[in-house]
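Chemist: Dropping the structure in here first, questions after.
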């Protein structure tokens with residue numbers, strides 16, 4: 001067996017299952033889960049219709065590069081969304097969801113003939129870590145900073161780390177805190193990439209769920225605004241899962257540096273990464289329509305506007321820039337234990353939340369002290385309908401008040 005598999009850590013939801021294995025939830029409450037970020041709004045009818053209409057194409061082998069019509073549809077969306085001009089044949093590649101591509105990209109770009117480090121945010125989406133480990137690379141965890149709106153102080157990454165870095169994963173809007181990277185931060189990363197030669201993989205799967213008037217800045221957009229119109233060493237990845245409520249479709253795309261995408265296409269041709277022609281047809285329908293996205297975004301805005309103030313009565317939590325998570329601090333009553341908070345909330349009120357420590361790793365800070373920047377927080381996925389999320393929030397408020405010393 002591949003010995004690198006032994007370096008993988010259990011997935012957060014497996015750890016959550018084990019954490020709750022001996023808990024008997026209070027039967028007086030119906031179960032509510034805020035644990036998994038799986039979209040639960042209705043899939044638009046136009047996507048389902050396109051899927052059914054394309055069933056006849058199942059008799060055909062699909063090309064790994066995707067049909068020209070799909071690549072053109074994606075390129076047109078990129079231009080509308082980011083005011084960026086891309087070549088559909090050079091700068092765009094359809095993929096079977098951003099997760100598949102985030103993993104495969106590391107296998108494509110890591111060169112083990114020289115020292116290889118992958119830098120990841122901390123907390124993070126665990127696919128970044130698994131991709132790096134199975135590519136044979138070392139990891140450096142860059143902690144998010146509450147004082148920076150849970151952004152990252154890239155100047156705190158030692159130069160010796162940057163000198164060995166071959167790949168940097170960033171996530172904007174971020175998971176779990178929903179922070180959006182600004183143009184100056186992108187400029188800093190581009191300058192570091194120019195200096196040290198590493199590839200930037202920009203995970204943007206939450207880009208269409210946002211709460212401000214201005215849509216989040218994307219990596220391609222930042223590069224374009226800074227005059228980097230060939231997107232050197234940049235690959236942006238996004239998905240229809242959150243944007244269009246089709247996580248089961250497994251459809252997204254990568255875009256950016258044409259030289260990297262050529263090599264990535266070669267890798268995926270051997271790996272068997274071609275997208276089904278039926279999925280391609282449904283994907284075109286989704287990328288070509290923006291009305292369902294606006295309606296979906298409004299559902300989240302309405303939901304967060306009602307739920308966030310309730311939780312702010314008892315927790316340190318705020319409206320994120322984007323995404324569909326709340327990243328809340330565990331009250332002092334629980335001594336900062338996110339795992340105990342999660343266990344007792346399930347036992348007493350039958351609500352599931354994900355401990356923040358399961359999304360992070362213990363790693364040294366700038367002073368060499370080991371800490372997990374996810375510890376002491378919980379992630380709540382507000383993916384259910386507004387009434388269910390409000391009921392969960394009310395239970396959490398009651399849970400905290402019940403378990404807090406009277407004042």
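The values are calculated or read from the model by the stated rules, or taken from the named source; none is laboratory data. Predicted, not measured: the structure shown is a model, and the values here were computed from it. Counting neighbours? That spans all protein chains shown, and the Cβs are built from the backbone with ideal geometry, glycine included.
Chemist: Of the residues 337, 342, which is farther than 24 Å from residue 210 by Cα, surrounded by 22 or more Cβ atoms within 10 Å (Cβ to Cβ) and modelled with pLDDT of 95 or more?
Modeler: Criteria check complete, one pass: 342.
Chemist: Return yes or no: is residue 40 in contact with a strand residue (DSSP E or B) (Cβ under 6 Å, 6 or more places away or on another chain) and either closer than 28 Å to residue 266 by Cα or in contact (Cβ under 8 Å) with a residue 24 or more places away in the chain (or both)?
Modeler: no
Chemist: Name the strands (runs of 3 or more DSSP E) wholly inside the range 170-281 in which the number of residues that are farther than 19 Å from residue 71 by Cα is 1 or more.
Modeler: Output list reads 199-203.
Chemist: In the range 146-157, which residue that is in contact (Cβ under 8 Å) with a residue 40 or more places away in the chain and under 18 Å from residue 318 (Cα atoms) is nearest to the chain's Cα centre (by Cα)?
Modeler: Looking at residues that are in contact (Cβ under 8 Å) with a residue 40 or more places away in the chain and under 18 Å from residue 318 (Cα atoms), I get 150.
Chemist: Right, here's the next one. Identify, from the list 53, 83, the residue that is at pLDDT 95 or above and closer than 19 Å to residue 237 by Cα.
Modeler: 83
Chemist: Here is a follow-up. Among 273, 252, which is modelled with pLDDT under 95 and in contact with a strand residue (DSSP E or B) (Cβ under 7 Å, 6 or more places away or on another chain)?
Modeler: So the residue among 273, 252 that is modelled with pLDDT under 95 and in contact with a strand residue (DSSP E or B) (Cβ under 7 Å, 6 or more places away or on another chain) is 273.
Chemist: So for the range 70-87 (the condition being closer than 30 Å to residue 220 by Cα, in the same structural domain as residue 337 (by TED's automatic domain parsing) and surrounded by 13 or more Cβ atoms within 10 Å (Cβ to Cβ)), does at least one residue qualify?
Modeler: no
Chemist: In this structure, does residue 370 turn out to be without any contact (Cβ under 8 Å) to a residue 40 or more places away in the chain, farther than 28 Å from residue 302 by Cα and over 23 Å from the mean Cα position of the chain (by Cα)?
Modeler: Answer is yes for this residue.
Chemist: Among the residues of the range 360-388, how many are closer than 22 Å to residue 316 by Cα, in contact with a helix residue (DSSP H, G or I) (Cβ under 7 Å, 6 or more places away or on another chain) and surrounded by fewer than 23 Cβ atoms within 10 Å (Cβ to Cβ)?
Modeler: 4
Chemist: Can you say whether residue 305 is under 26 Å from residue 21 (Cβ atoms) and part of a helix (DSSP H, G or I), as far as the supplied structure shows?
Modeler: When the stated conditions are applied, residue 305 does not pass them.
Chemist: Still on this structure, please answer the following. Would you pick out the residues in the range 1-26 that are touching a residue at least 12 places away in the same chain (Cβ under 8 Å), surrounded by fewer than 11 Cβ atoms within 10 Å (Cβ to Cβ) and part of a loop (DSSP other than H, G, I, E, B)?
Modeler: 2, 24
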